[in-house]
Amino acid sequence: MAEMRMREALREALREEMLRDETIFLMGEDIGLYGGSYAVTKGLLEEFGEARVIDTPIAESGIVGAGIGAAMGGLRPMVELMTINFSFLALDQIVNSAAKLYHMSNGQINVPLVIRMASGGGSQLAATHSHSLEGLYAHFPGLKVVCPSNAADAKGLLKRAFRDDNTVIFIEHTANYAIKGEVPDDPDFLIEFGVANILREGTDVTIVGYGGSVHQATRAATLLEEQEEISAEVIDLRTLRPLDMDTVIASVKKTNRCVIVEDAWRFGGFGGELAAQVMEHAFDWLDAPVARVACKDVPLPYNRNLEFAALPSEEDVVDAVLGMFKE
Amino acid sequence: MTTETTSPAGTSLGAEQLGKFLYEMMLIRRFEEKCGELYTKGKIRGFLHLYTGQEACAVGSMAALEERDKIVTHYRDHGHALARGLDPDRVMAELFGKATGVSGGRGGSMHLYDVSKGFLGGYAIVAAHLPLAVGLGMASNMKKEGFVTLCVFGDGSVGEGEFHEALNLSVLWNTPTTFFCENNLYGMGVPFHASLSTDIPKLAAAYNMPAVSVDGMDVIAVHEATRKAVEHARSGKGPYFIEAMTYRYRGHSMSDPELYRLKDEIEEYRQRDAIERLKTHLMEAGQLDEARYQELIARVEQVVDEAVEFSEQSPQPGIDTLYDHLYKEPSDG
Ligand SMILES: Cc1ncc(C[n+]2csc(CCOP(=O)(O)OP(=O)(O)O)c2C)c(N)n1
Ligand SMILES: [Mg+2]
């Protein structure tokens, strides 16, 4: 075990996997000379050389497409898309090629590709640069979607991603990069996909988050305990596809209440899917309608006050929980 | 493709115009330096991309436009906004996120807009605005309005598909568009030669678009090239491509560790500084003296200080405006 930030844990995962498997290579904008926009790949160019750490032109569709082709050719590429906002330019390749080839070719062609991208708002980058699209990617069958909330998970999940035979969309919330945690140094430390993590046990309400929103959920649980004597169970989904509904449903059957927290917009968002599944599988156990705490239905503004008002906060989560206890 | 270098001495521009160029470049320089200071104080936040070193590109090109013309540019947009005559107070207020800002505090540094000046925006997704410039050209043609669109972008854009799609479409549809590439040698930390297998003007030439490469640290050369390109467009001959060779003195954004270039290189380009060159030229030509130059320094200082003061005093946008401008309603102006 060693204490490190999430960005360093991700770097360790990349290093260890590259040392383990020679077919793994990295490509992306500014991952080499610049050291990575969020310093995840810092030092890897020096260690592995230009053939395995490739600085690309600004050409998202091209590099994802090339990553897919390289995977078809027997390599295990990782493409870093700098931020999720630029993944829109690669959406066709991700959705129409990566997610579809295995099915359409009747199982002849699979695409073992890891696509990493930073996501989330809260840094005053304004509307074009603040997206949370985990739910969008989870919408497409054929993709796996991973969104770690802490350093250890980031490492275990990223290492696991490289051992998958399918395309993994690996989404890193920018607010999580600097969070420190204890990280195992076992080179075979893997975290299985589709296994949610109960971060905190509780009896009165289940709060579900993923990626960045896990932290609002956890802070809200602390506030609820200290100020309201409400015991909240917090679940970190870790992966949206595959999705561990069993853990969520078991928890809701115990607490009888469920609040979903996400940074993305509520309308048409992933929280709606979760709420529907809770309704389908635990309807009779619910003491209140499932609540969703999400981003307000506007593009994220630059102004700090407006951005804060738009993003879901722990106070919003507390309010949602308290609303469930009102008669 | 032709490469043009115009010596300042050979220009037909008068002393008044050149004095204006000098003032505008100095204003942008001071404005940007101030922004850098304000960023470290936390007054400006988010991503901030400074324009110092590239002033001649904005000043020389904008001066070639008429009032009716339109501009779309990238996120390194303060210089273009100021050169186009946007109010420095309101540009600064935008960087402060204030309600008085040109985008009401919603856009920030990368997303400046002032439609009253034909300034249709800073675009933060690389190359996203190139197709928009084609569409604006279609509008100009179909409505017979005769306006030209100046589309400004960095060398990093050339890797994107939208760059190529836009160039092709604009030639096919003969749109009055001036594509203006500020080649500052880097796209973030990637040297331009590592991201393109050819020269930029050759790309335009491949689409049958006339293209020139000019010294982007020579405001007169930039101006004359843009004037020609704009005249070309206005006379119905379609798009024109300018590559302006320039250099940014500061990092890509405020968080750039600058591991990819040497200090010597920055020094080398500072020796070719556009402001210094024009100043020297004007002094040698007897069109500027030290006293007048000091006056200009004082003036830009005052304009920038006032912009900061205005921004400090301006109100924050109200939380009750959060949902404003999501959809345009029939009742909206
Ligand atoms: C589609 C897209 N990909 C990546 C980015 C991230 N990014 C912002 S600026 C930049 C470099 C652009 O370089 P260039 O076009 O040369 O402009 P300069 O910054 O040098 O003015 C990159 C990669 C982005 N904003 N949009
Ligand atoms: Mg550049």
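What follows is calculated from the coordinates using simple rules that are stated; it is not laboratory data. Quantities reported herein were computed from a predicted structural model and do not represent experimental measurements. With ideal geometry, Cβ positions are generated from the backbone for all residues, glycine too; neighbour counts draw on all protein chains shown.
How big, on average over all directions, is the shadow cast by the Cα convex hull of the range A:28-75, in nm²?
Computing the convex hull of the Cα atoms and averaging its projections yields 3.4 nm².
Any aspartates and glutamates with Cα under 18 Å of the A:Lys254 Cα? List them, leaving off those in the same chain fewer than 8 positions away.
Those aspartates and glutamates meeting the cut-off are A:Glu201, A:Asp204, A:Glu225, A:Glu229, A:Glu233, A:Asp236, A:Asp244, A:Asp246, A:Glu280, A:Asp284, A:Asp287.
Hey, which lysines would be in cross-link range of B:Lys70, C-alpha to C-alpha under 19 Å, not counting anything within fewer than 8 residues on its own chain?
B:Lys117, B:Lys143, B:Lys144, B:Lys228, B:Lys237
Say a site is exposed when it is one of the chymotrypsin sites (Phe, Trp or Tyr not before Pro), sits in a DSSP loop, and has at most 16 other Cβ atoms within 10 Å; what is then the longest site-free stretch of chain A?
Counting only loop sites that pass the neighbour cut-off, the longest clear stretch is A:1-188.
Among the trypsin sites (Lys or Arg not before Pro) in the range B:90-181, which ones are in a DSSP loop with at most 13 other Cβ atoms within 10 Å of the Cβ? Mind listing them?
B:Lys143, B:Lys144
Would you mind computing, in nm to one decimal, how far apart the modelled labels at A:Ala288 and A:Arg200 are, each placed 7 Å from Cα along Cα→Cβ?
Label at A:Ala288, label at A:Arg200, 1.6 nm between them.
For chain A, what is the relative contact order in percent, using Cα pairs closer than 8 Å and at least 6 residues apart in sequence?
Relative contact order of chain A: 16 percent.
Just to verify a number: FRET efficiency for B:Lys143 and A:Glu3, C-beta to C-beta distance, R0 = 60 Å, to 0.05?
Efficiency, from the Cβ-Cβ distance: 0.40.
Identify which of B:Ala139, B:Ala58, B:Ala83 has the largest mean-square fluctuation in a Gaussian network model of chain B, with springs joining Cα atoms closer than 10 Å.
Of B:Ala139, B:Ala58, B:Ala83, the Gaussian network model singles out B:Ala139 as fluctuating most.
Highest GNM mean-square fluctuation, chain A, Cα pairs closer than 10 Å: which of A:Glu228, A:Glu192, A:Glu60?
Highest fluctuation among the options: A:Glu228.
Ignoring everything except DSSP H segments at least 4 long, calculate the 222 nm mean residue ellipticity for the protein assembly as shown; use -39,500 (n - 2.57) per segment, divide by total residues, nearest 500. Intermediate values should be presented prior to the final figure.
Numbers: 23 runs with 252 residues, N = 660.
Estimated from H runs of four or more residues: -11500 deg cm²/dmol.
Can you give me the relative contact order of the range A:197-323 as a percent, contacts being Cα pairs under 8 Å and 6 or more apart?
Relative contact order here is 28 percent.
Would you report the distance distribution of C-alpha pairs in the range A:197-323 as whole percents per 10 angstrom bin, up to the bin with the largest distance?
Values per bin, smallest distances first: 14, 48, 31, 7, 0.
So how far apart, in nm, are the two label points at B:Arg270 and B:Glu309 if each is 7 Å from Cα heading toward Cβ?
3.1 nm
Run the numbers on the range A:2-183 and let me know its relative contact order in percent, using alpha-carbon pairs under 8 Å that are six or more apart.
On the way: 364 pairs, mean separation 50.3, N = 182.
Computed over the range A:2-183, the figure is 28 percent.
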